[in-house]
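Read through the structure below, which is laid out as structure tokens, and then see the notes.
The values are calculated or read from the model by the stated rules, or taken from the named source; none is laboratory data. Because the structure is a prediction, the values reported are computed rather than measured. Quick reminder, even Gly has a Cβ in these numbers, built from the backbone with ideal geometry, and neighbours come from all protein chains shown.
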Amino acid sequence: MSELEVIKLALGDKVSNIAWDLDGWVIRLKGSNLTNLKISRRLVGISFDWEWHFVTPLIIHEEVDEAGLHLYREMKRREVQIKRRGMLRYSYEWVTGELLTKVFPEITPESDLLVLLNRDGTLHRLLRRSSIDELYVNTYFELGVASLSDEALRKYYESPTMVGWLITAIKGPGSEWRFGAIVKRIYELLDYLAGKLLNFSRELESRLALL
């Protein structure tokens, strides 16, 4: 069975359309907190091992006015990622995002989103079930134009064209033989996480409007 057939089977009636985009499959979704999900396979360093990348944008506003810019910059202060512990039975903790501390050392992180995610038992169950290796929640930036270079990230921070999140999940080598189950479980994790982020972002926007 091909990768495409496995993806279709794993996601079932959530799939609206699937198209190939340079280095991976872009799946348009329906009945989901996610609009689309890109799944791509990448070599690990100079080895012959592969890891799977699952990337999904979560757009809050497609246009950026003054209030949207304020929201985007407040969201930036709340970028997070997981820290995984253990060997056979993993445990997870949400921590401040490394891109935030590395690229924007002048920005003081806020902990409200981090605390919210760490207190969510369902989210922790989905993390353990997926056995995910890496998971990042960053503010949205244009994948097709920008890269992960410091300069590109800072440029987009100064003039964002959309307000939202970019969620990236990575599952390491050795996943091929159970790829279908991995796709299904990571989708369920990202769908739930997206719902939490959407609710948090709306609440944050409401708080900012009162200031």
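Per the conditions (1) under 30 Å from Leu211 (Cβ atoms); (2) basic (Lys, Arg); (3) in contact with a Phe, Trp or Tyr (Cβ under 7 Å, 6 or more places away or on another chain), the sole criterion not satisfied by Arg73 is (3). Condition (residue is surrounded by fewer than 16 Cβ atoms within 10 Å (Cβ to Cβ), assigned to a strand (DSSP E or B) and among the polar types (S, T, N, Q)) applied to region 18-37: is it met by at least one residue? No. Selection within region 159-193: residues that are modelled with pLDDT of 95 or more and acidic (Asp, Glu). The member of this set that is nearest to the chain's Cα centre (by Cα) is Asp191. Looking across region 81-137 at every residue that is out of contact with any Lys or Arg (no Cβ under 6 Å at 6 or more places or on another chain) and among the basic types (Lys, Arg), the one that is farthest from Ile167 (Cα to Cα) is identified as Arg89.
Taken over region 104-119, the criterion of being in contact with a Phe, Trp or Tyr (Cβ under 9 Å, 6 or more places away or on another chain) and either buried (at least 18 other Cβ atoms within 10 Å of the Cβ) or charged (D, E, K, R) (or both) is satisfied by Phe104, Asp112, Leu113, Leu114, Leu116, Leu117.
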